[in-house]
Ligand SMILES: Cc1cc2nc3c(=O)[nH]c(=O)nc-3n(C[C@H](O)[C@H](O)[C@H](O)COP(=O)(O)OP(=O)(O)OC[C@H]3O[C@@H](n4cnc5c(N)ncnc54)[C@H](O)[C@@H]3O)c2cc1C
């Protein structure tokens, strides 16, 4: 067994003492260059900022930067002794209010960035949870090994990925990132260090995976690795094009149901609005297969990806009008995907190309549906987006990225382990996308998912309605099986009977009188949020003590901000 003791991967120069070559991006992968993850400023935001650039920040009062598991234990114990809530933040790529804690405490994982061990006998890598997965993959690549599942973006951390799921164009073979995790070490809210795997503490293992930090802080992750040379292995893209939606749904559906020997695959349908309420739609599906490693194939890969990467760079550096033309050229790059690509370029394709078209604010809405519901879910969700664009003018372009997922984790012990991902990545017009429109849209989007027995990918915006969230969250099944640990202060959904209210609040608001029922909760949330969301109240409605706290907190907010809420009917008020 080859062991590597703790190695700081933060440095970027030279060969390390432990034998790794330096992590230099061999293909100069770029991504959202105008947006930084590691400034103090970024601590007040999550990815919601990309959808709504005028959103107000919600800065934490305290930030913890642990470097070791012992540090995490100390932090958790301190926070517990102070009776505080601790939010966990990796790089903040999520946009569902998961990493923010305005005025509170946030544990930031960026200094938990070391490789603990590479075990090439058992083909696993153990790393600290704040390690950036693309950086780990880059390090592994110097040994001809790599991660089976990696995100398409070069700042996602392994801890964040594990806490939401993790999908790639290889998910039809390897599943979610969490399906490739062998073991975790995490610190629960009592400050205990727990090692969990499929055989040791399995309930905790499954609950922490996709748990979005509700059950404690993941300190280290042991993940499967595979033999692969991602930088030099060129694949051939059997690409298909579609010029109307029914053909795309039919063609993409057929390919994801029967991927054959495709090693990586993904499809995309794009719809651009044209003047006069018209639009143009085009789709393509890329299925990457093994091919001969010829100089010609490698040259074509190099030329096309240098072009795409250059487009992204240029669109960010030249005047807006010219940039707009380049973004369209970038879109062409999506549709006319290069015929040859290295594995690395396949994995990062979306990020490179999306980068060249990011100009509008954008938002992701993501569904994980049973594969046999692909056609229905696609059509219903797409119709919903068209309806909202027409009625509220809240979207500019629409795009839907399609992948296939073969996941025992999502199957939840059942026989159906084949799913699809539908990622709506839409341009946002914030004049039309008011908070009320957003809330209505996500509620209806979630309803489509519920009607088709699917899940939402919980890092992207979901309804704030706890009942809907419970039905669409793949983690609820596993969380409800964890034996009696006290997660009350941290858990969003504890068990199917528990309802948790989460209310974003803002700085001021109009005067309103509303009754205290489910509709009222939604109204309060949307009214307060429309004034600039700056925080959240969490309370478990199954816990009477917390309910009292909630009411008094709301009353304070209400009196401070001139809201006037009637807490009837009788029985609700403490
Ligand atoms: C441009 C872009 C591209 C993306 N591409 C992909 C993709 O290809 N495939 C895919 O599946 N997803 C993708 N995502 C989504 C991404 O996986 C999620 O946003 C995810 O949240 C990881 O981001 P992060 O590491 O910044 O985690 P954060 O957003 O910081 O955290 C996510 C959640 O994990 C929790 N968490 C983080 N670290 C820990 C820890 N150590 N212990 C316990 N809980 C923790 C947080 O509390 C939070 O609830 C993409 C997102 C963006 C913005």
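Tabulated data
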read-out	value
Ranked 420, 394, criterion: other C-beta atoms within 10 Å, fewest first	394, 420
Segments 144-155, 214-225, 402-413, 54-65 sorted - mean Cβ within 10 Å per residue, highest first	214-225, 144-155, 402-413, 54-65
Computed E for residue 84/residue 41 - FRET, C-beta separation, R0 25 angstrom, nearest 0.05	0.60
Residue order, fewest to most beta carbons within 10 Å, for 425, 272	272, 425
Mean projection area, nm², convex hull over Cα of region 7-227	12.5 nm²
Residue 61 paired with residue 299, simple spin-label distance in nm, labels 7 Å along Cα-to-beta-carbon	6.5 nm
Spin-label pair residue 232/residue 121, simplified geometry with 7 Å Cα→Cβ offset, distance in nm	2.8 nm
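Computed from the coordinates by the stated procedures, all read-outs in this text should not be read as laboratory data. All values reported here derive from a predicted model rather than from experimental measurement. Ideal geometry is used to build each Cβ from the backbone, glycine not excepted, and the neighbour counts take in all protein chains shown.
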